[in-house]
Amino acid sequence: MPALFISDLHLSEDRPAANERFFSFLEETAPAAGSLYILGDFFESWIGDDDLAYPFNAVIAGVLRELSSHGVALYLMHGNRDFLIGPRFCEATGATLLEDPTVVELEGEKTLLMHGDTLCTDDLDYQAWRRTARSSAWQRDFLGKSLAERRQAIVGMREKSKEVISAKPAEIMDVNPGAVQEAMKQHGVKRLIHGHTHRPGRHTVDLGEVRGERWVLPDWYGRGGYLSVSGKNLKLVPF
């Protein structure tokens, strides 16, 4: 039974096409898998587990619970949009929350899993913001606001993010090759799977005496897709 990997779905009420692709994926493809790994940015935004009762969020949690209850092991990693997902969401869906980074063994091959944003070390402004947003002080302050205040704050953050991204050179928002090599060597792996950059594909990584591989998952702003790992065979499958 294959292991399936997805990321950067950015699910929200405003993106019905991506939502429908996800529902179809859960009905037609995921049930035949042994495991499903969601490597971050599953939601366009997540303002806290106390928003789980919101109808859209409840529907998404429900379909994930349906999948996990039928024996598919479900794993979830934070992205840069949904890092406030917590224990209540995992309990509701049957998912196991993974640290970023995490090493898993797939058919005897140690594989490093990451969302991918920490590899974009040339984007200094983003890395500074990431450190702020992942701090307990910032999260305590944000989660102390009402749900309405948090929703409004997210709208402002998204608009500011669009302006900042549009002014940045595209290359600094991709991974830094040195950061990739360092991460893979540090964890003793020859394979890395991540999302975040929206540049799907397989890349060869020079690790000195050996060569490794880096698999980048597709985002679902376009047609979307997933990575299937079955035995020694890895395949990027676009929709």
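Where a number appears in this text, it was derived from the coordinates with a stated rule and is not lab data. The structure presented is a predicted model; accordingly, all values stated were derived computationally and were not measured. Note: ideal-geometry Cβ built from the backbone for every residue, glycine included; neighbour counts use all protein chains shown.
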(message) If neighbour count is taken as other Cβ atoms inside 10 Å, put Leu52, Leu39, Leu112 in order from fewest to most.
(response) Leu52, Leu112, Leu39
(message) Quick check on segment 3-238: take the gyration tensor over C-alpha atoms, sort the square-rooted eigenvalues as a ≥ b ≥ c, and tell me if it's rounded (a/c under 1.5), prolate or oblate.
(response) oblate
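Could you list the trypsin sites (Lys or Arg not before Pro) in segment 178-239 that lie in coil according to DSSP, counting only those with at most 14 other Cβ atoms within 10 Å of their Cβ? Let's see the in-between values first.
Numbers: sites: Lys185, Lys190, Arg191, Arg202, Arg211, Arg214, Arg223, Lys232, Lys235; in loops: Lys190, Arg223, Lys232.
Sparse-neighbourhood loop trypsin sites (Lys or Arg not before Pro): Arg223, Lys232.
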(request) Please state the charge dipole magnitude for the chain, taken about the Cα centre, from unit charges on C-beta atoms (+1 on K and R, -1 on D and E), reported in debye and rounded to the nearest 20. (result) 220
(message) Under 26 Å between alpha carbons: how many lysine pairs meet that in the chain, if sequence neighbours fewer than 8 apart on the same chain are excluded?
(response) 11
(request) Take every DSSP beta bridge with both residues inside the chain and express the antiparallel ones as a percent of the total, to the nearest 5. (result) 50
(request) Would you order Trp138, Trp215, Trp129, Trp220 from fewest to most other beta-carbon atoms within 10 Å of each residue's own beta-carbon? (result) Trp138, Trp129, Trp215, Trp220
(request) Report the relative contact order of the chain, percent, no decimals, based on alpha-carbon pairs under 8 angstrom and at least 6 residues apart. (result) 23
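At a 10 Å Cβ-Cβ cut-off, how would you order Ile60, Ile154, fewest neighbours first?
Ordered from fewest to most neighbouring Cβ atoms within 10 Å, Ile60, Ile154 come out as Ile154, Ile60.
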(message) Which one, Ala73, Leu106, Gly94, is farthest towards the positive end of the dipole of segment 3-238 when Lys and Arg carry +1 and Asp and Glu -1 on their Cβ?
(response) Leu106
(request) Return the loop-located GluC sites (Glu not before Pro) in segment 107-212 (DSSP other than H, G, I, E, B) with at most 10 other Cβ atoms within 10 Å of their own Cβ; answer none if there are none. (result) Glu209
(request) For the chain, with a Gaussian network of springs between Cα atoms less than 10 Å apart, report the residue from Phe25, Phe43, Phe83 with the top mean-square fluctuation. (result) Phe25
